[in-house]
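The values are calculated or read from the model by the stated rules, or taken from the named source; none is laboratory data. Just so it is clear, the structure is predicted and the values come from calculations on it, not from any experiment. Heads up, the Cβs are rebuilt from the backbone with ideal geometry, glycines too, and the neighbour counts pull from every protein chain shown. We work out accessible area using only protein heavy atoms, side chains counted, and drop any ligands, DNA or RNA first. Shrake-Rupley method; radii C 1.70, N 1.55, O 1.52, S 1.80 Å.
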Amino acid sequence: MLSGQPCYGACDLDTYLMKRTDVFVHFGHSPMKNTDKVIYVPLFSNVEVQPIMEEALETLDDPAETEDVGLVTTAQHMNRYDEMTEFLEERGYEVHSRRGDERLTHEGQVLGCNYASADVPADQVLYVGGGKFHPLGLAMEHPEKHVVIADPVNNVVTVADTEKFLKQRYASVHKAMDAQKWGVIFCTKIGQGRWDQAQEILADNDDAYLITMDEVTPDRLRNFDMDAFVNTGCPRITTDDGPQFHKPMLTPGEYEIAVGNKPLEDLSFDTFHGTW
Ligand code: SF4
């Protein structure tokens, strides 16, 4: 039996099929929760990381001045994490890494919604991996750190710049400040449900309505006559797809700012903890 559902992470298993099978095999993501029922089969990128790390040395602080560096990557490049560590150590850096929390499987691994592995005693963090999706979240979550991106897939080194991202978030919060009627989205994906958080918002606002859905898409939300939405599911839908929604879409923390419960300075990245 094959699941035909889209799958965005280990937070997103086809529960219908899972309930009806003895064993459920999941490819590509690392375990969010260990269970006898699910077999996780890792899939690793075969791209070399050393050439782009060599280039990234020019953007990192010189180890003679600052030897501490945090090192993070995604599940796809985890097979080369030891190689990355050795590469930096051989050039005089002290590499700091940690496992993060229970949502993450490996030391040094980040998710789009969890950067606990970058909570290390280093002012600079090197992210080795494809795209800007993860390092931008990391830089938002840890604004005090210099986040260097070594992208071996697109063969480019950059520094994470959150300015455009932050402007978009501020704009969405401002647009939502006049909203009367709120749609509070509860995502039914197995690892994305934050029921208590949704209930807290509903208890506090008489003009807020719970909307449950699996896929949260701009098309689906057009069916609802709301002034603004607050998404308690995957934070990346809110932040990365935000401009595509017809009404402002906020994270729970941004909602608190828009309704006046918290000051604008409290704006921060929405991270997700816990398993399913
Ligand atoms: S909640 Fe979103 S960012 Fe987090 S693991 Fe799932 S798909 Fe990725």
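The set of residues in region 8-47 being within 16 Å of the ligand (Cβ to nearest atom), open to solvent by 40 Å² or more (accessible area, probe 1.4 Å) and assigned to a strand (DSSP E or B) consists of Phe27 alone. Candidates in region 248-273 are the residues that are in contact with an Asp or Glu (Cβ under 7 Å, 6 or more places away or on another chain) and touching a residue at least 40 places away in the same chain (Cβ under 8 Å); of these, the one that is most open to solvent (accessible area, probe 1.4 Å) is His273.
Within region 59-73, if we keep just the residues that are more than 20 Å from Gly129 (Cβ to Cβ) and touching a residue at least 40 places away in the same chain (Cβ under 8 Å), the residue that is farthest from the chain's Cα centre (by Cα) turns out to be Thr66. Of all the residues in region 117-135, those that are away from the ligand (no atom under 12 Å from the Cβ), of a type outside the set (Lys, Arg), surrounded by fewer than 23 Cβ atoms within 10 Å (Cβ to Cβ) and not in a strand (DSSP E or B) number 7. Scanning for something within 12 Å of the ligand (Cβ to nearest atom) and either not aliphatic (A, V, I, L, M) or not assigned by TED's automatic domain parsing to the domain that holds Leu13 (or both), does region 195-213 turn up at least one residue? Within region 195-213, not a single residue is within 12 Å of the ligand (Cβ to nearest atom) and either not aliphatic (A, V, I, L, M) or not assigned by TED's automatic domain parsing to the domain that holds Leu13 (or both). Using the structure shown, decide if Asp227 is farther than 17 Å from His174 by Cα and in the same structural domain as Lys167 (by TED's automatic domain parsing). Taking the combined requirement at face value, the residue does not satisfy it.
Being part of a helix (DSSP H, G or I) and surrounded by fewer than 18 Cβ atoms within 10 Å (Cβ to Cβ) is a property that does not hold for Leu210. Note on region 215-250: residues that are acidic (Asp, Glu) and under 15 Å from Ala198 (Cα atoms) total 0.
Selection within region 214-244: residues that are assigned to a loop (DSSP other than H, G, I, E, B) and closer than 15 Å to Ala179 by Cα. The member of this set that is farthest from the ligand (Cβ to nearest atom) is Asp225.
Okay, residues lined up against (1) closer than 30 Å to Asp207 by Cβ; (2) in contact with a helix residue (DSSP H, G or I) (Cβ under 8 Å, 6 or more places away or on another chain); (3) acidic (Asp, Glu); (4) free of Cβ contacts under 8 Å to residues at least 40 places away in the same chain:
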residue: Tyr81; (1), (2), (3), (4): no, no, no, yes
residue: Gly92; (1), (2), (3), (4): no, no, no, yes
residue: Gly108; (1), (2), (3), (4): no, yes, no, yes
residue: Leu126; (1), (2), (3), (4): no, yes, no, no
residue: Gly131; (1), (2), (3), (4): no, no, no, yes
residue: His146; (1), (2), (3), (4): no, no, no, no
residue: Lys164; (1), (2), (3), (4): no, no, no, yes
residue: Lys167; (1), (2), (3), (4): yes, no, no, yes
residue: Met177; (1), (2), (3), (4): yes, yes, no, no
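In the set Val72, Val95, which member is within 16 Å of the ligand (Cβ to nearest atom) and modelled with pLDDT of 95 or more? One residue alone meets the criteria, Val72. Scanning region 167-194 for residues that are part of a loop (DSSP other than H, G, I, E, B) and either more than 16 Å from the ligand (Cβ to nearest atom) or open to solvent by 70 Å² or more (accessible area, probe 1.4 Å) (or both) turns up Met177, Asp178, Ala179, Gln180, Lys181, Thr188.
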